[in-house]
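One structure is given below, encoded as structure tokens.
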Amino acid sequence: MARTEALVKLVAAALLGLAALPAPAQDAEPVSEFWAAREATIEGLESAPKVRIGIWDSGVEPALFPGQVALGADGAPIVRGYDAFKQHQDTALAVLPAALSERAAELNDILRALDDRDSGVDSPQARAVAERLRQQTPAEAAGFDDALGRWSGYVHGTGIADIALAGNPHAEIVIARMEWWHGSSPEPCWSRELAEREAASIADLLGFLVDNGVRVVNMSWGRAERAYLSNLEACAPDMPEEERLALARYTVEAIRVALIEGMTAAPGVLFVGAAGNAGSDMKTANPATLFALPNFLLVGAVDRHGKATGWTNSGPEVTLYANGDRVPARLPDGGPSYPSGTSMAVPLVVNAAAKVLAVRPQLDGAGLRTLLERTATRNGTGQPLLHPQRAVETARQMPGN
């Protein structure tokens with residue numbers, strides 16, 4: 001889960017001295033004409049049952065989505081969650097230390113500044129970040145890595161839900177919450193026990209979503225080998241390199257097995273994953289989501305004009321691309337943000353898939369994937385681009401509606 005690699009690099013050094021950032025000025029962000037022309041609308045479905053979307057991410061603020069959060073028999077949102085150490089914590093949002101929660105406004109302003117800085121927007125906020133970064137020493141920046149890293153993860157799932165639900169009153173979300181193992185350096189250090197708990201929690205969350213009637217699942221994450229290696233290098237510098245690699249690969253493979261087993265057992269569901277933002281091929285990145293199933297779709301990102309980016313992961317496993325460039329997505333306080341990354345391309349595909357299911361609920365996961373891929377159009381460099389309007393119209397014209 002990330003905005004883009006450039007933002008992730010900034011996260012480690014962006015907080016000190018930023019409490020006095022200029023006020024945000026993004027509210028008038030223009031809509032991308034390229035993608036707006038491809039948007040789908042669905043009408044005349046007032047009596048249709050709602051399509052359930054699984055937001056499998058870092059948590060969601062339910063209050064932002066009245067009437068679009070699936071409720072249990074007790075009238076409460078349907079939620080299942082795990083904390084960073086893979087223990088049950090069934091809350092819609094992560095439980096943060098009070099000292100971090102109290103800085104919400106400050107941290108949100110910094111994330112908006114990083115959205116600008118990350119995508120090359122010359123705003124006062126971006127200039128303020130750049131100036132303060134120039135003034136910081138590594139020692140000053142290091143203590144803030146965990147704070148901003150945790151906050152970025154904390155808000156991630158709410159933005160994903162906002163994108164996935166946009167323009168679709170016939171959809172509702174089920175919340176499956178997971179946290180990335182964090183800390184500078186991460187404590188406790190990663191182990192086979194944690195790897196096995198991670199895989200077990202992922203299997204449990206997948207089953208939870210399926211059992212609660214979800215038809216399409218948003219997975220803006222990949223659990224890549226390089227991420228485990230990077231953190232192991234920080235917390236276990238004396239561990240031989242080959243042992244770190246073996247542990248990272250053991251973790252990735254255990255998660256992959258859990259995902260394949262769970263998805264294979266749920267052919268009626270489409271699972272949509274993020275290619276990642278390292279600018280590499282998928283085999284080099286080696287996420288746990290590197291596998292092929294008829295009801296699993298890997299999504300890459302292009303820019304606001306449908307053109308290739310240099311930071312999306314790619315390869316034959318990535319069969320659909322969507323906008324990952326400054327995608328409007330609210331923060332948990334309802335304020336605007338404009339993050340970038342394959343994380344944001346995924347819910348645009350999920351949004352289109354849910355609209356298709358609203359007009360053609362008979363489609364299974366494989367059929368839905370095929371329709372989305374078949375109605376895509378290619379850009380000048382050959383990437384197949386999501387076309388929600390064509391997908392929905394094709395679904396409307398299918399026999400049996």
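The values are calculated or read from the model by the stated rules, or taken from the named source; none is laboratory data. The structure displayed is predicted, hence computed values, not measured ones. Please note: Cβ atoms are built from the backbone with ideal geometry, for glycine as well, and neighbour counts cover all protein chains shown.
For region 123-130, indicate whether the set of residues that are of a type in the set (S, T, Y) and free of Cβ contacts under 8 Å to residues at least 12 places away in the same chain is non-empty.
No.
Here are the criteria: (1) touching a Leu at 6+ places or on another chain (Cβ under 9 Å); (2) polar (S, T, N, Q); (3) under 24 Å from H182 (Cβ atoms). Tell me which single one N231 does not satisfy.
Just one mismatch for N231, condition (1).
What are the residue pairs meeting all of these: first residue in region 195-217, first residue over 18 Å from P347 (Cα atoms), second residue surrounded by fewer than 21 Cβ atoms within 10 Å (Cβ to Cβ) and among the acidic types (D, E), Cβ atoms under 8 Å, and 6 or more apart or on different chains?
A203/E261
Could you check region 354-374 and list, in sequence order, the residues that are closer than 22 Å to N313 by Cα and either among the aromatic types (F, W, Y) or crowded, with 19+ Cβ neighbours inside 10 Å (or both)? Explain how you work it out, then say what you get.
Step one: filter region 354-374 for residues closer than 22 Å to N313 by Cα, giving 369-370, 372-374.
R369, L372 - these are the residues of region 354-374 that are closer than 22 Å to N313 by Cα and either among the aromatic types (F, W, Y) or crowded, with 19+ Cβ neighbours inside 10 Å (or both).
Based on this model, can you work out whether A203 counts as in contact with a helix residue (DSSP H, G or I) (Cβ under 6 Å, 6 or more places away or on another chain) and crowded, with 19+ Cβ neighbours inside 10 Å?
no
Residues being under 18 Å from S184 (Cα atoms) and out of contact with any Cys (no Cβ under 6 Å at 6 or more places or on another chain): count how many of those fall in region 217-246.
13
Which ones in region 46-66 are in a loop (DSSP other than H, G, I, E, B) and either surrounded by 13 or more Cβ atoms within 10 Å (Cβ to Cβ) or at pLDDT 95 or above (or both)? Let's see the steps before the verdict.
Going residue by residue through region 46-66, those that are in a loop (DSSP other than H, G, I, E, B) are 46-50, 58, 60-61, 65-66.
Result: A48, K50, S58, V60, E61, F65, P66.
Considering only region 68-83, state which residues are in contact (Cβ under 8 Å) with a residue 24 or more places away in the chain and either out of contact with any helix residue (DSSP H, G or I) (no Cβ under 9 Å at 6 or more places or on another chain) or assigned to a helix (DSSP H, G or I) (or both).
Scanning region 68-83 gives A70, D83.
So E33 ticks every box in (1) at pLDDT 95 or above; (2) farther than 30 Å from S184 by Cβ; (3) not polar (S, T, N, Q) but one. Which box is left unticked?
Tallying (1) at pLDDT 95 or above; (2) farther than 30 Å from S184 by Cβ; (3) not polar (S, T, N, Q), E33 fails exactly one: (1).
Restricting attention to helices (runs of 4 or more DSSP H) lying wholly within region 325-401, give those where 1 or more residues are within 23 Å of F65 (Cα to Cα).
342-359, 388-397
Go through region 159-174 and count every residue that is under 17 Å from the mean Cα position of the chain (by Cα) and part of a loop (DSSP other than H, G, I, E, B).
Total satisfying the criteria: 1.
Only one residue in N401, N379, N295 is modelled with pLDDT under 95, surrounded by fewer than 24 Cβ atoms within 10 Å (Cβ to Cβ) and farther than 24 Å from S123 by Cβ, so which one is that?
Within the list N401, N379, N295, the selection yields N401.
In region 175-228, which residues are part of a helix (DSSP H, G or I) and under 22 Å from L148 (Cβ atoms)?
Those that are part of a helix (DSSP H, G or I) and under 22 Å from L148 (Cβ atoms): R226, A227, Y228.
Only one of R127, R132 is basic (K, R), part of a helix (DSSP H, G or I), more than 17 Å from the chain's Cα centre (by Cα) and surrounded by fewer than 16 Cβ atoms within 10 Å (Cβ to Cβ). Can you tell me which?
Working: R132 fails: surrounded by fewer than 16 Cβ atoms within 10 Å (Cβ to Cβ).
Of the residues listed, the single one that is basic (K, R), part of a helix (DSSP H, G or I), more than 17 Å from the chain's Cα centre (by Cα) and surrounded by fewer than 16 Cβ atoms within 10 Å (Cβ to Cβ) is R127.
For G120, all conditions in the list (1) at pLDDT below 90; (2) surrounded by fewer than 16 Cβ atoms within 10 Å (Cβ to Cβ); (3) not in a loop (DSSP other than H, G, I, E, B) hold save one; what is the number of the exception?
Of everything listed in (1) at pLDDT below 90; (2) surrounded by fewer than 16 Cβ atoms within 10 Å (Cβ to Cβ); (3) not in a loop (DSSP other than H, G, I, E, B), G120 misses just condition (3).
Being touching a Lys or Arg at 6+ places or on another chain (Cβ under 6 Å) and within 23 Å of R326 (Cβ to Cβ) is true for just one of A161, A126, A130. Which residue is that?
None of the others qualify; the one that does is A126.
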